[in-house]
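The values are calculated or read from the model by the stated rules, or taken from the named source; none is laboratory data. Every value quoted in this text rests on a predicted model; they were computed, and no experiment measured them. With ideal geometry, Cβ positions are generated from the backbone for all residues, glycine too; neighbour counts draw on all protein chains shown. Quick note on the areas: whole protein, heavy atoms, side chains included, nothing else; ligands and nucleic acids left out. Shrake-Rupley method; radii C 1.70, N 1.55, O 1.52, S 1.80 Å.
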Amino acid sequence: MPLMPSLLCPYCYQPFPPRKTLFRCAGLLGPGGERCKPERDQALSRRFGMNEALPPVFPGGRLTAVNGRRTGARCPSCQGETTQRLCPNCHSQLPVHFGRVDSRLIALIGAKGSGKTVYMTVLLHELMHSVGRRFDAAVVGSDDHTRSEFSKRYEEMLYRQSVLPGTTRPGQAEVRRPLVFKVTLDRSGLFGTRDRHTITSFFDTAGEDLISKESVDLNVRYLRGADGIILLLDPLQMRGARAGAAPGTRLPDRDDKTDSPVNVLTRVTEVLYEATGRGPNRRIDVPVAVAFSKIDALRHAFPPGSPLLREPPDAEPVFDQADSLAVHDHVRALLHEWDGAQIDQIMRKNFSTFRYFGLSALGGGPTADNRVDPRGVHPYRVADPFLWLLSRFNALPATKG
Ligand SMILES: Nc1nc2c(ncn2[C@@H]2O[C@H](COP(=O)(O)OP(=O)(O)OP(=O)(O)O)[C@@H](O)[C@H]2O)c(=O)[nH]1
Ligand SMILES: [Mg+2]
Ligand SMILES: [Zn+2]
Ligand SMILES: [Zn+2]
């Protein structure tokens, strides 16, 4: 049976055939002097709690051509032209060029308190600034909601008010909306003459959603749709690492809402088998970056020469395989010291493509009242997992390693 080519919405992760794409009226004065009245969009409201009044939605029956490309449509009420394309399920506005450029959905998962929200904020901030410069990459929020949400809610809090986020609200996957960014690599030399665009969608799960079987299912759709997964594990939840943490480290609570990295990994593995419909003898092939957070609390005990004590090489705008594999091997060795050998067994048995990473989003512990240290945010190796995924997607060149 031939499969119908389908698109996957970067906001709700539901697949849809391109011909089902909807349009939203531009809300301008139409050729007849009429203007469509904005109203609350039920789909956006139900799905994401977004209640603003917006111009009406209609199917793309009457497409209009721009430069020979049928990218626009004419509104049946006001006859005005629009280029705003929407997902038929959640009514989110699709990124410009969506469907014609690579779109990659990256799910960020991990136990409660493992550092996901802080990590996502710092990673995106870095991609927009230093890492972006290094790779000559432009990283921009691909819709108004992402742009304002990211700068107001995430960046402003962490970087200007030095406030660490509270627990991400669980059970509300329907309301939390992924942040969608467009990464443009302007490496004409590396990719021929054209820029390389990749749309990446980040979904920050609530750690508590991974505790029970039922709420894990909430995330199944996101995991099923993901092209790559960043699994953030907190070494400070592991017995061996806890014992070796730098004096004064704020150790995370170990209550019944927090789960050990092994348990989280076990559950995520089950969900992925379910989501991908894979039998027990076929390993999961979605690339998984297994990233250990909060390395700042453990670095003091690493032997000199550890790749985790140096910054990744940054002379060339490529993903450095040799460096990454050195980190991978070192983390695998550390897992034994941290009482996490089981993690490596689970990974090897069930996943065909995975790599270990060690990073710190803050670069140092938070203050006693859990705020960002007054010296600021000094991230360390935060981009590695993301760059690895981009290289897996062939969106970034990698050295041979
Ligand atoms: N030492 C250190 N602590 C960190 C770092 N990042 C986060 N933390 C600590 O971990 C806590 C939890 O971080 P969050 O980003 O809120 O964790 P989360 O995974 O989003 O948690 P939930 O939303 O509850 O699932 C923070 O309040 C900090 O105390 C880091 O890079 N280093
Ligand atoms: Mg969170
Ligand atoms: Zn959607
Ligand atoms: Zn209209």
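Residue-by-condition table, conditions (1) closer than 26 Å to LEU223 by Cβ; (2) open to solvent by 40 Å² or more (accessible area, probe 1.4 Å); (3) within 16 Å of ligand 3 (Cβ to nearest atom); (4) not charged (D, E, K, R):
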| residue | (1), (2), (3), (4) |
| --- | --- |
| GLY110 | yes, no, no, yes |
| MET120 | yes, no, no, yes |
| MET128 | no, yes, no, yes |
| ARG133 | no, yes, no, no |
| LYS152 | no, yes, no, no |
| GLU155 | no, no, no, no |
| TYR159 | no, yes, no, yes |
| SER162 | no, no, no, yes |
Q. Considering only residues of the stretch 21-44 that are more than 12 Å from ligand 4 (Cβ to nearest atom) and surrounded by 14 or more Cβ atoms within 10 Å (Cβ to Cβ), which is nearest to the chain's Cα centre (by Cα)?
A. LEU44
Q: Tell me, please, whether a residue that is in the same structural domain as ARG371 (by TED's automatic domain parsing), acidic (Asp, Glu), more than 17 Å from the chain's Cα centre (by Cα) and at pLDDT 80 or above can be found in the stretch 152-170.
A: yes
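Hey, does the stretch 272-281 have a residue that's at pLDDT 95 or above, outside any loop (DSSP other than H, G, I, E, B) and either of a type in the set (A, V, I, L, M, F, W, C) or out of contact with any strand residue (DSSP E or B) (no Cβ under 8 Å at 6 or more places or on another chain) (or both)?
no
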Q: Being part of a loop (DSSP other than H, G, I, E, B) and hydroxyl-bearing (Ser, Thr, Tyr) is the filter; apply it to the stretch 231-271 and report the residue that is nearest to ligand 3 (Cβ to nearest atom).
A: THR258
Q.
Give me the helices (runs of 4 or more DSSP H) completely within the stretch 69-167, filtered to those with at least 2 residues that are in contact with a helix residue (DSSP H, G or I) (Cβ under 7 Å, 6 or more places away or on another chain) and of a type outside the set (A, V, I, L, M, F, W, C), ordered by residue number.
A. 116-128
Q) Somewhere in the stretch 100-109, is a residue over 19 Å from the mean Cα position of the chain (by Cα) and within 16 Å of ligand 4 (Cβ to nearest atom)? A) no
